Amino acid sequence: MEESMQNNKMVDETTLAVTLEDRREAAKLDNVGKHEPKLSENGIPADVLEKLLPGDDIIELEEPVVSGGFFYRFIKRSFDVVSCGCALIILAIPMAVIAVKIKSESEGPVIYAQRRVGKNGKVFNVYKFRSMYTDAESRGAQWAQDEDPRVTPFGKFMRKTRLDEIPQFWNVFRGDMSLIGPRPERPAFCDEFEKRIHGWHYRTMVRPGISGLAQVAGGYDLLPKEKVVLDLEYIEQRNVALDLKIILKTLGVVSTGEGAR
């Protein structure tokens, strides 16, 4: 807890000058980056990194002590498998409808895979319903924020309602992810963030999650160096009650559409 407070203090001192407008723009760019089809090949533009990591400060994070004993891990994994297994069965017909709708708007695969960094730094493929045209690169400039021409009409709806993330239940079922944990980042982001946020990789000490403390407690206008503090706080304090609380708050966030930010 003391280490978490120290991490919070360091980050607070470096973000006082960041305006709300800057935060919102950074949040938009961060969200767009999670959908960029060729991020690995093209990298993150310098101006985007400047907005995601404002200033020139270096953050030094303390390594967290991972909480949650054998009983907690057993309950958590069992809940992940049972709940996501049931969800995949219950949502089978809705997913088929979504697949038909995606195919009716554009050619290409219904589901696409994207590389993310998982537990202990292991890279895995996270699955999503495709929300972009397959010829996305020819439809507009990269890192478009508003009215992105590369996104299909139904894709915009899926992103707003987070329907595009339903296939991630399979990631949870197979053990790549958990329902609750730090959100998994793409390798390019992890590499860049680690240069300025020493200890960013501590987030991978546990399985990443579909939702996490940073998403429900901090909102969607947090900078990466603020989100990581909440992620480490979760790692140090995680328990069954906290997980259930995050799940309930996530359902509230999704119902309002705020989860798309």
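The values are calculated or read from the model by the stated rules, or taken from the named source; none is laboratory data. A quick note: this is a predicted structure, and the numbers were derived from the prediction, not measured. Every residue, glycine among them, receives a Cβ derived from its backbone with ideal geometry; neighbour counts consider all protein chains shown. All accessible areas refer to the heavy atoms of the entire protein, side chains included, with ligands and DNA or RNA removed. Shrake-Rupley method; radii C 1.70, N 1.55, O 1.52, S 1.80 Å.
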Practice task
Give the shape of the range 85-202 as rounded, prolate or oblate, defined through the alpha-carbon gyration tensor: a ≥ b ≥ c are the square roots of its eigenvalues, a/c under 1.5 means rounded, and otherwise the shape is prolate if a/b is larger than b/c and oblate if not.
Solution key: oblate
Problem - Virtual spin-label span in nm between S83 and E147, 7 Å along Cα→Cβ - result: 4.0
Completion exercise
The answer for the longest stretch of the chain without any exposed GluC sites (Glu not before Pro) (DSSP loop, at most 16 further Cβ atoms within 10 Å) is 148-261
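Taking 51 Å as R0, compute the FRET efficiency from the Cβ-Cβ separation of V254 and K195 and round it to 0.05.
On the way: r = 33 Å, r/R0 = 0.64.
It comes to 0.95.
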Practice task
Would you mind telling me the share, in percent, of accessible area of the chain contributed by carbon and sulfur at probe 1.4 angstrom?
Solution key: 59
Practice task
Using Cα pairs closer than 8 Å and at least 6 residues apart in sequence, work out the relative contact order for the range 80-181, in percent.
Solution key: 33
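So what is the accessible area of the chain per residue, in Å², with the probe set to 1.4 Å? Walk me through the numbers on the way to the answer.
Working: 12910 Å² over 261 residues.
Here the per-residue accessible area is 49 Å².
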Handout entry: Using a Förster distance of 22 Å, the FRET efficiency for L91-N31 (Cβ separation, nearest 0.05)
Key = 0.40
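At a 10 angstrom cut-off on C-beta neighbours, averaged per residue, how do the peptides 126-135, 89-98, 209-218, 154-163 rank from highest to lowest?
Values: 126-135: 19.6, 89-98: 12.3, 209-218: 22.7, 154-163: 18.1.
The most tightly packed comes first, giving 209-218, 126-135, 154-163, 89-98.
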Practice task
Please sort by residue number the trypsin sites (Lys or Arg not before Pro) in the range 35-73 whose DSSP state is loop and whose Cβ has at most 15 other Cβ atoms within 10 Å.
Solution key: K38
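Could you work out the local net charge near F169, counting Lys and Arg as +1, Asp and Glu as -1, over the other residues with Cβ closer than 13 Å to its Cβ? The partial results should precede the final answer.
Numbers: positive: K128, R162, R174; negative: D80, D164, E165, D176.
So the environment of F169 carries a net charge of -1.
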Practice task
Extending each Cα 7 Å along its Cβ direction at K160 and K245, get the distance between those two points in nm, one decimal.
Solution key: 3.2
Exercise for the section: With label points built 7 Å along Cα→Cβ from the Cα atoms of Y72 and Q237, find their separation and express it in nm. Expected result: 1.2
